[in-house]
Each structure stands twice: as structure tokens, then as C-alpha cells.
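Visitor: Provided herewith is a single structure, encoded as C-alpha cells, for subsequent inquiry.
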């Protein structure tokens, strides 16, 4: 009997400890050190894999990110995440760790590039450092519009959402102007100060890793802009002019994909509110210097104001 008890004690000492919680509910994995992008991901039996994105569309809000990712998905070498992931800017998502982030990615074939888009990334201060730590080799796509147009589009979306929630409508003059001057406390205005946010990104990523897409040009004539994106990503040219057609009812370009036609949601392309000329002039004047600083940062000029 004593020998039996001694054997049980010896077995217990050699056995690995039992975790206090099941593995499925263990705490999120910490971020990997720089250079380790955890690209092994989740492998599907058919050979496709979920892994960290090669391409991240970082913004900007109301710049045309949905149009851009839909157009990129026309290319057979691109696998696009369907939803905005908000991993790097939402603490509740970030704390879930990289395994959760990878599970939000599409299953990609060998040789395909994975892309996700979250337009809030561009203006969220913590995101560049977090993304660089996870994947310093990521290719970044930043789509921008004339900052004044972007502010008006931002206001239009917020106003529509307030209306759906039965909240008080705020006239555009009330949010844009304060004491006769441009309202510097208006969040939509700060999102259009592109040079401030770009400086933060360039602290972590070289300019060669970022391609700025002209969102206004993408609306007017999408094909040339998509060609530039293909070249930046070193994709073989595959998307052509026949993939786009102008929908007169909606007032913007839609896509043709292997014989099927598809357009963006009706929430896109909403008409902007009428703004008094003197207020528009204040906005144009306000953005003149920030725009100049942004042009210097990226070495390009855009037809704004």
C-alpha cells in the first residue's frame, strides 16, 4: 500500500500543471517583437490561409476607403477583408491579441495579398506604432479628398446618423463656425489636418511604404488611380477600364466583375448640404497652410481648394 501511494505521489510530481482556465479562454497573446509578424496564421484544409494583412488601407474617413477596397478586390491576387476591423484603434479589440486579428482576415490562396481597411487608423495616434510593431513591412494605402469636401461629407454622415437616432439636427453653420471663425474644436475639421497625422505615420513608416490615393480623382475617373495602386503594390496589371461604368442613377462609378455588376451602398454619394459662400471661403483659407505642409511631406500636390 505504501508503495502504491508513493507511486501516485511521484506521478503527480512529474505531471504538467493543469491550467486554471481552459485554453480557449486564456488571456490574449502579447504582441510579437518587431520583425515577427505572426504570418503563419490559420490554415484551411483547402490550402488557403488567414494571416496578417500585407496591405492596410489606413484612411481617411470619408475619403473613399470602401470604394478603394472594392476596386482592389477585382484583382485575382488580392483577398480583401469584408468589414472594418478596428484592431489597432479600439482597445476592446486590441486586447484580444493577434490571433483574434488574424481570424478577421479572409482566407487567401498562396501568392495572394491580404488587405484590410479601417479608415479611423489614419487619425488615431497609437495606431502607427502598434502596426509597425506587428508588421513593419506592411504596405499602406491612404486615400484622401479635398479636406473641405471631406469635412462636408463627414458632417453629412454624422447628421444622417443623428437623424436615425432621433437626435437634434445641428445646422452645419453651428458646427463649422464659432464666434465668427472656424471652429477648431470640431472633430471633423481635425481629421482633415492631414499633415499632423501624416507626421505621426512617418515616425514609424518610410514614405516609400505609403501610397496616397487621390480620392477626388478616384470619383471622377477611377481606372488611372487603380492602375497607380497596382504599380505601387507590384501587382501584374489586371484591372482595366472595362471594370468600371458610370451609373447615372446613383451618380458615381460602379464595378463590373466577371460579368456581374455591383455598386456601393446607397449610403455612399449622399448630397452635401448647401453652405454659405463666406463659410466655404473660411474653410478654404483655413486649410491652405495645412495643405501646403502636407504637400511638402509627401512630395506631391493635389488639386484642392
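Read-outs: derived from the displayed coordinates by stated rules, not from any lab. This structure is a prediction, so every number in the text was calculated from the model and none was measured. Cβ sites come from the backbone with ideal geometry, for glycine too, and all protein chains shown count toward neighbours.
Visitor: According to a simple spin-label model (label point 7 Å from Cα along Cα-to-Cβ), what is the distance in nm between residue 126 and residue 245?
Guide: Distance between the two pseudo-spin positions: 4.6 nm.
Visitor: Given the range 28-298, what whole percent of its Cα pairs are spread farther than 22 Å? Spell out each step's value before the answer.
Guide: Working: 21909 of 36585 pairs.
So the pairs more than 22 Å apart make up 60 percent of the total in the range 28-298.
Visitor: Starting from the Cα-Cα distance between residue 231 and residue 90, subtract it from 0.36 nm times their residue separation and give me the gain in nm to one decimal.
Guide: On the way: separation 141, 0.36 × 141 = 50.76 nm, distance 3.16 nm.
My answer for the length gained is 47.6 nm.
Visitor: Right, next: Using packing as a proxy for protection, rank 80-88, 177-185 so that the peptide with the highest average count of other Cβ atoms within 10 Å comes first. Before the final figure, lay out each step's value.
Guide: Working: 80-88: 18.4, 177-185: 11.0.
So the order, starting with the most tightly packed, is 80-88, 177-185.
Visitor: Counting other C-beta atoms within 10 Å, which of 246, 286 has the fewest, and how do the rest follow?
Guide: Details: 246 11, 286 21.
Ascending number of Cβ neighbours within 10 Å: 246, 286.
Visitor: Moving on. By how many nm would the segment from residue 82 to residue 164 lengthen if fully extended, with 0.36 nm per residue of separation less the alpha-carbon distance?
Guide: On the way: separation 82, 0.36 × 82 = 29.52 nm, distance 2.42 nm.
Separation in residues times 0.36 nm, less the Cα-Cα distance, equals 27.1 nm.
Visitor: Over the range 219-305, what number does the Rg to Rh ratio reach, with both radii from the alpha-carbon atoms and Rh per Kirkwood? Kindly include the intermediate steps, with their values, before the conclusion.
Guide: Details: Rg = 17.4 Å, Rh = 16.3 Å.
We get a ratio of 1.07 for the range 219-305.
Visitor: Right, here's the next one. Run the numbers for residue 220 and residue 305: contour at 0.36 nm per residue of separation, minus the present Cα-Cα distance, in nm. Before the final figure, lay out the partial values.
Guide: Values: separation 85, 0.36 × 85 = 30.60 nm, distance 1.64 nm.
Full extension of this stretch gives 29.0 nm more.
Visitor: Could I ask something else about it? Please list 162-175, 108-121, 223-236 highest first by mean number of surrounding beta-carbon atoms within 10 Å per residue. Please report the intermediate quantities before stating the final value.
Guide: Values: 162-175: 10.9, 108-121: 19.7, 223-236: 15.9.
Packing order, densest peptide first, comes out as 108-121, 223-236, 162-175.
Visitor: What is the distance in Å between the Cα centroid of the range 85-143 and that of the range 224-296?
Guide: 23 Å
Visitor: I've got another one for you. Ranking request for peptides 133-143, 65-75, 96-106, 50-60: highest mean number of other beta-carbon atoms within 10 Å first, then the rest in descending order. Could the numbers behind the result be given before it?
Guide: Working: 133-143: 19.5, 65-75: 21.5, 96-106: 17.5, 50-60: 24.3.
Top to bottom by mean Cβ count within 10 Å: 50-60, 65-75, 133-143, 96-106.
Visitor: OK, next. Which percent of Cα-Cα pairs in the range 111-168 sits in each 10 Å bin, short to long?
Guide: 17, 36, 28, 16, 3, 0
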